[in-house]
Amino acid sequence: MRLLVTGGAGFIGANFVLRVRETRPDWQVTVLDAVTYAANLSSLDPVIDDIHLVKGSVADADLVDDLVGRHDAVVHFAADSHNDNSLDDPWPFVETNVVGTYRLLEAVRRHGTRLHHVSTDEVYGDLELGDPQRFTEQTPVNPSSPYSATKASSDLLVRAWGRSFGIEATISNCSNNYGPRQHVEKFIPRQVTGVLEGIRPKLYGAGANVRDWIHVDDHNDAVVMILERGTPGETYLIGADGEMSNREVVAMILELMGKPADWFDHVPDRPGHDLRYAIDSTKLRAELGWEPRYTTFRDGLAATIEWYRANPEWWRTARVTSETTYARLGR
Ligand code: NAD
Ligand code: TDX
């Protein structure tokens with residue numbers, strides 16, 4: 001298998017490449033990554049001699065066409081991924097998430113290459129707090145932010161290219177990932193690295209918003225399964241029954257890091273902030289037999305905290321930049 005991984009220097013993509021090298025050592029892996037602020041090439045250090053790394057954009061039609069033509073399958077992680085940034089400057093999100101996905105689809109159509117498109121539960125909008133409902137593959141898209149609108153757009157393009165042109169594509173929509181190598185702009189790494197530097201966690205608004213947490217390795221195992229055994233044209237929701245409020249997550253971080261329970265601050269809320277995400281992953285479990293391995297969030301979180309504690313050189317510079325942006329945004 002010659003596999004092209006877009007966005008393979010980002011959080012989920014790099015963990016995917018590391019895991020695939022471990023579990024599918026016979027696969028030849030090429031990473032296509034624009035190496036934006038969100039990438040960290042050192043994440044790929046352990047495998048850098050075993051993969052091919054191409055620095056470039058998924059929105060570059062010629063480059064994408066050439067690479068797609070030389071691979072059997074593509075796993076498409078590349079995206080601009082942070083909601084707060086999409087509220088500040090939406091254009092890169094349209095360019096990478098919509099135009100970039102379009103370029104890939106056209107190349108895949110020309111070369112008959114298998115595609116797996118990685119997407120998010122945020123395309124479904126949000127659910128009420130305390131509502132027993134969860135998202136399923138039948139939930140209509142209803143995105144709230146520029147980020148989620150561009151991801152929903154990319155999902156719709158993939159579906160249309162499947163139906164109209166018969167490309168061999170699957171889609172997955174996963175809930176919030178946590179684990180090592182996540183950019184410090186995101187909720188959990190921001191709080192953990194902050195505490196390591198003596199800074200109190202910052203909760204948007206009241207902190208009542210709920211996210212459905214899944215360990216990044218569980219997400220990536222599902223992606224490999226869908227790539228190998230998923231049905232083209234189908235969408236699979238990925239989630240590990242990990243609903244928690246942001247307040248609860250901060251409480252656990254403080255407890256695990258030996259800080260008092262009230263050692264956090266409330267900051268102004270994110271505009272349009274989605275209340276709650278929750279995934280029903282019955283289809284993935286029933287059809288492909290997927291099960292999460294990280295079933296105790298507390299253990300996965302403790303291991304993640306230890307990873308950030310052990311790897312300050314991985315995150316220190318990025319944290320300075322991202323906190324400068326947050327200071328400008330007032331969050
Ligand atoms: P990330 O921001 O950590 O990484 C994105 C990677 O894509 C970076 O390496 C960046 O350099 C690269 N990239 C950006 N623009 C590019 C371009 N034009 N061409 C090539 N590469 C480009 O994101 P992540 O959290 O790893 O998310 C990866 C994918 O998973 C995204 O598609 C995201 O929508 C999806 N997803 C993320 C989560 C989550 O909780 N983080 C949950 C569900 C789905
Ligand atoms: O400092 C913070 N304080 C805070 O309360 C930050 C950075 C976030 N939050 C809140 C906002 C959200 O309710 O924490 C929650 C999680 O925030 P993010 O890490 O920014 O994630 P979210 O907006 O939920 O989106 C994430 O999951 C779905 C990823 O960034 C997306 O790429 C993915 O599609």
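The values are calculated or read from the model by the stated rules, or taken from the named source; none is laboratory data. Quantities reported herein were computed from a predicted structural model and do not represent experimental measurements. Please note: Cβ atoms are built from the backbone with ideal geometry, for glycine as well, and neighbour counts cover all protein chains shown.
A few comments on the model shown:
- Within the stretch 115-140, the residues that satisfy the criterion of being away from ligand 1 (no atom under 14 Å from the Cβ) and either modelled with pLDDT of 95 or more or not in a loop (DSSP other than H, G, I, E, B) (or both) are 125, 126, 127, 128, 129, 133, 134, 136, 137, 138, 139, 140.
- Among the residues of the stretch 304-331, those that are in contact with a strand residue (DSSP E or B) (Cβ under 9 Å, 6 or more places away or on another chain), of a type outside the set (S, T, N, Q) and surrounded by 12 or more Cβ atoms within 10 Å (Cβ to Cβ) comprise 326, 331.
- Scanning the stretch 210-233 for residues that are surrounded by fewer than 17 Cβ atoms within 10 Å (Cβ to Cβ) and closer than 23 Å to residue 125 by Cα turns up just one, 233.
- Residue in the stretch 295-328 that is nearest to ligand 1 (Cβ to nearest atom), counting only those that are touching a Leu at 6+ places or on another chain (Cβ under 8 Å) and over 26 Å from residue 238 (Cβ atoms): 312
- Residues located in the stretch 133-156, provided they are surrounded by fewer than 18 Cβ atoms within 10 Å (Cβ to Cβ) and touching a residue at least 40 places away in the same chain (Cβ under 8 Å): 133, 136, 137
- Exactly one residue out of 75, 35, 47, 20 is without any contact (Cβ under 8 Å) to a residue 60 or more places away in the chain, aliphatic (A, V, I, L, M) and either more than 9 Å from ligand 1 (Cβ to nearest atom) or in contact with a Ser or Thr (Cβ under 6 Å, 6 or more places away or on another chain) (or both), and it is 47.
- If you filter the stretch 76-96 down to residues that are charged (D, E, K, R) and either surrounded by 23 or more Cβ atoms within 10 Å (Cβ to Cβ) or more than 9 Å from ligand 2 (Cβ to nearest atom) (or both), you find that the one that is farthest from residue 5 (Cα to Cα) is 88.
- Enumeration of residues in the stretch 293-331 that are of a type in the set (Val, Ile, Thr), assigned to a helix (DSSP H, G or I) and farther than 14 Å from residue 187 by Cα: 317, 320, 321, 324, 325
Residues are listed down the side, and each one gets a yes or a no for (1) modelled with pLDDT of 95 or more; (2) under 21 Å from residue 212 (Cα atoms); (3) within 16 Å of ligand 2 (Cβ to nearest atom):
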{"position": "273", "(1), (2), (3)": "yes, yes, yes"}
{"position": "281", "(1), (2), (3)": "yes, yes, yes"}
{"position": "286", "(1), (2), (3)": "yes, yes, no"}
{"position": "292", "(1), (2), (3)": "yes, yes, no"}
{"position": "296", "(1), (2), (3)": "yes, yes, no"}
{"position": "307", "(1), (2), (3)": "yes, no, no"}
{"position": "312", "(1), (2), (3)": "yes, no, no"}
{"position": "316", "(1), (2), (3)": "yes, no, no"}
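- Qualifying residues in the stretch 163-180 (those that are within 12 Å of ligand 2 (Cβ to nearest atom) and in a strand (DSSP E or B)) - the one farthest from residue 237 (Cα to Cα): 178
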